[in-house]
Amino acid sequence: MTHRTAAQALIVLAAALTASGAALAQTATTDAAAAPAAAPAPNLTGNVSITTNYKFRGQDQDMIGKSGYAKTKGFKPAIQGGLDYAFGDSGFYVGNWNSSVNWLTGNSIEMDVYGGYKFKAGPLDMDVGALSYIYPGNSAGNTTELYVAGTYANETLGSFTAKYSHTVSKDYFGYAGNKAGSGLKGTNTGYLNLSYSKEIVPKVTLKAAVGYTNMSSDIRSLGYKSYVDYNVGASYDFGNGLSLTGSVQGANKKSSYLAVANPGVDLGFGTFGQTTYSPNKARFILTLTKTL
C-alpha cells in the first residue's frame, strides 16, 4: 500500500464521518422539534484529525525519508480518524482508529482495533480492554496489548487518569524482530501513562501527560533502553465538536534510538559528515480534531 493510497483512504473516511455527522445532527434536530426531551447519547461516535506530526509514546511515526534515511524536519503531517461503538448502557464498547504513518518499509497506515468494558468503582471511572496495532503492509510492527485505566474527575481539581498497557504479542512495534526470525520477543513490555486535564478558562483546557515504557529484556539486549515520554499543551474548543490542540511532545534516552539521516562520505580512512536523528526529539505539534 502506497502512502498516497493510505492518505486517500483516510480522506474518504473523513468525508464519510463528516457526512454521517451531518445526518446525525439533522436527525437530532428533527427529533428535538418533535419531542423536547433530552436524547440519549449516540451509540456510534467518530473523529477525524489532521496533525503536524504524529508521535506515539514520544516517538515520531514518520521516519523514512529520501533513499531510506531518517527525516529530520519537524513538520511531518498525518491524517487520522476513527469510530467507536458503545453497546447501550452495558459498558462494553468496540472501536477502530487509523493514521497515516511512515516508519515501516512497505507500510503507510496504522490500524488500531480495540474493545473493552467501562464501569464505575467508587469515585473512579474504570476501563479495561485489549488493543491490536495493525500495519497491513508490514506485519513486523503488529502489536497487541491489554490495558486497564482509572480516571478520577473533580470539577475543581480537574481530571486525573492512570493507564497501564501490557504487551501480550511476541513483537513490540518491530523492535524485537521476532517475525524476522531473531527469536527475540517484545512480550511483557509495559507502558504506564499518567495524564491530567483541566479547563483553565472557558473553552481552553490544559493537558499534560507523562509515560514510561519498560522494554522487555530481549529488546533491552539490543541496546534499546526503557524511556520516559511527555506531552504538555492546551486545547481550544471552537464548538460543534471542533478543537485545536497545541503541545510539546518528546522523550528522553534519545541516543538509544538513533537513525542515520545523512550517510556522509566514506574517504577510505573514515566516514565524514554522517548525521543521525532521534524520533524521541521534542517537537511542538498542532492537531485539529472534529468529533462527530
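Does THR291 meet the test of being farther than 17 Å from GLN59 by Cα, in contact with a Lys or Arg (Cβ under 7 Å, 6 or more places away or on another chain) and surrounded by 13 or more Cβ atoms within 10 Å (Cβ to Cβ)? Step through it out loud before you land on a result.
Working: farther than 17 Å from GLN59 by Cα: yes; in contact with a Lys or Arg (Cβ under 7 Å, 6 or more places away or on another chain): no; surrounded by 13 or more Cβ atoms within 10 Å (Cβ to Cβ): yes.
Taking the combined requirement at face value, the residue does not satisfy it.
On the given criteria, is LEU124 in contact with a Phe, Trp or Tyr (Cβ under 9 Å, 6 or more places away or on another chain), among the aliphatic types (A, V, I, L, M), open to solvent by 50 Å² or more (accessible area, probe 1.4 Å) and in contact (Cβ under 8 Å) with a residue 12 or more places away in the chain? Spell out the reasoning first.
Values: in contact with a Phe, Trp or Tyr (Cβ under 9 Å, 6 or more places away or on another chain): yes; among the aliphatic types (A, V, I, L, M): yes; open to solvent by 50 Å² or more (accessible area, probe 1.4 Å): yes; in contact (Cβ under 8 Å) with a residue 12 or more places away in the chain: yes.
The answer is yes for LEU124.
Which ranges mark the strands (runs of 3 or more DSSP E) fully within the stretch 196-291 that have 1 or more residues being farther than 23 Å from ALA78 by Cα and β-branched (Val, Ile, Thr)? I'd like the intermediate steps shown before the answer.
Details: elements: 204-214, 227-239, 242-251, 259-262, 275-277, 283-291.
Because the criterion is at least 1 residues that are farther than 23 Å from ALA78 by Cα and β-branched (Val, Ile, Thr), the strands (runs of 3 or more DSSP E) in the stretch 196-291 that meet it are 204-214, 227-239, 275-277.
Given the criteria open to solvent by 20 Å² or more (accessible area, probe 1.4 Å) and within 20 Å of ASN252 (Cα to Cα), does VAL201 qualify? Quick ask: steps written out before the conclusion?
Working: open to solvent by 20 Å² or more (accessible area, probe 1.4 Å): yes; within 20 Å of ASN252 (Cα to Cα): no.
No, not satisfied.
Just to be sure I understand, how many residues within the stretch 90-118 are of a type in the set (A, V, I, L, M) and touching an Asp or Glu at 6+ places or on another chain (Cβ under 6 Å)?
So in the stretch 90-118, the residues of a type in the set (A, V, I, L, M) come out as 94, 101, 104, 109, 111, 113.
Cutting the leftovers down to touching an Asp or Glu at 6+ places or on another chain (Cβ under 6 Å) gives us 101.
Matching residues across the stretch 90-118 total 1.
Can you tell me which of (1) more than 20 Å from ASP60 (Cα to Cα); (2) under 19 Å from the mean Cα position of the chain (by Cα); (3) open to solvent by less than 60 Å² (accessible area, probe 1.4 Å) is the one ASN107 doesn't meet?
(1)
The values are calculated or read from the model by the stated rules, or taken from the named source; none is laboratory data. No experiment lies behind these values; they were computed from the predicted model shown. Glycine gets a Cβ as well: all are built from the backbone with ideal geometry, and neighbour counts include every protein chain shown. Remember, those area values only see protein heavy atoms, side chains included, never the ligands or the DNA or RNA. Shrake-Rupley method; radii C 1.70, N 1.55, O 1.52, S 1.80 Å.
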